[in-house]
Amino acid sequence: MLERVGIGTEISKVSDESYFKDHIASGQYDLALYSWPTTAFPATDARPVYAKPVPAADGSLNIEQNYTRVGTDQVDQLFDQAVATLDEGESRSLIRKADSRIWAAAGSIPLYQRPQLMAARKNLVNTGAFGLGTPVFEDMGFLKKGMKPGGGPSGSAVSSPSGDR
């Protein structure tokens with residue numbers, strides 16, 4: 001897929017056991033596929049992934065979890081401010097600013113959509129993993145008794161919790 005947009009690649013297969021230790025953590029790669037799990041706490045959980053690497057006392061580079069080794073003082077300051085504020089709206093605004101600066105630095109480029117796994121009852125319709133789509137909450141609901149998923153025109157197989165649809 002990268003070739004179609006003019007990016008040549010040469011794939012080097014490595015063992016699962018050495019992938020992170022010998023290649024990702026050590027920085028021995030040009031392009032690598034891996035992702036971090038997301039949490040509800042981006043101000044604290046995402047900071048080590050994007051923090052600017054700093055020299056350690058022994059002369060090595062302390063990268064925390066920033067395997068791309070791309071970071072800026074501005075991103076670090078925005079994360080620090082977001083963690084320090086008690087105002088949730090201000091914290092989110094600061095995280096959005098940090099996110100904008102992270103994209104500008106381009107240390108990490110998503111090459112695929114992260115899979116989403118969702119569990120739902122069989123009688124629920126129009127729910128699940130939406131990916132890049134927007135959920136339409138008014139179309140979600142329970143199947144009418146005796147109906148099967150996909151059995152009828154859009155919306156006809158859905159009943160509201162009160163049963164009046």
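The values are calculated or read from the model by the stated rules, or taken from the named source; none is laboratory data. Bear in mind that the values here come from a model prediction, so they are computed numbers and not experimental data. With ideal geometry, Cβ positions are generated from the backbone for all residues, glycine too; neighbour counts draw on all protein chains shown.
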_Residues of the range 14-47 that turn out to be under 22 Å from the mean Cα position of the chain (by Cα) and not in a helix (DSSP H, G or I), as a count_ = 16
_So LYS144 passes all but one of these: (1) under 25 Å from the mean Cα position of the chain (by Cα); (2) over 25 Å from ALA43 (Cβ atoms); (3) surrounded by 10 or more Cβ atoms within 10 Å (Cβ to Cβ); (4) modelled with pLDDT under 85. Which condition number does it fail?_
(1)
*Considering each residue of the range 1-13, count those that are basic (Lys, Arg) and not in a helix (DSSP H, G or I), and give that number.*
1
*Within the set of pairs 6 or more residues apart or between chains, which connect a residue that is assigned by TED's automatic domain parsing to the domain that holds LYS97 and farther than 15 Å from GLN28 by Cβ inside the range 55-77 to a residue that is among the polar types (S, T, N, Q) and at pLDDT below 90 with Cβ atoms less than 9 Å apart?*
VAL70/SER108
*asked:* Just to check your reading of the model, which residue among ALA119, ALA105 is aliphatic (A, V, I, L, M), under 30 Å from GLY146 (Cα atoms) and at pLDDT below 90?
replied: ALA119
*How about the range 61-103: which of its residues are in a loop (DSSP other than H, G, I, E, B) and either within 25 Å of LEU33 (Cα to Cα) or under 19 Å from the mean Cα position of the chain (by Cα) (or both)?*
ILE63, GLU64, GLN65, ASN66, TYR67, THR68, ARG69, VAL70, GLY71, THR72
*Considering only residues that are out of contact with any helix residue (DSSP H, G or I) (no Cβ under 6 Å at 6 or more places or on another chain) and either among the hydrophobic types (A, V, I, L, M, F, W, C) or outside the structural domain of LYS97 (by TED's automatic domain parsing) (or both), look in the range 39-50 and name the one that is surrounded by the most Cβ atoms within 10 Å (Cβ to Cβ).*
ALA46
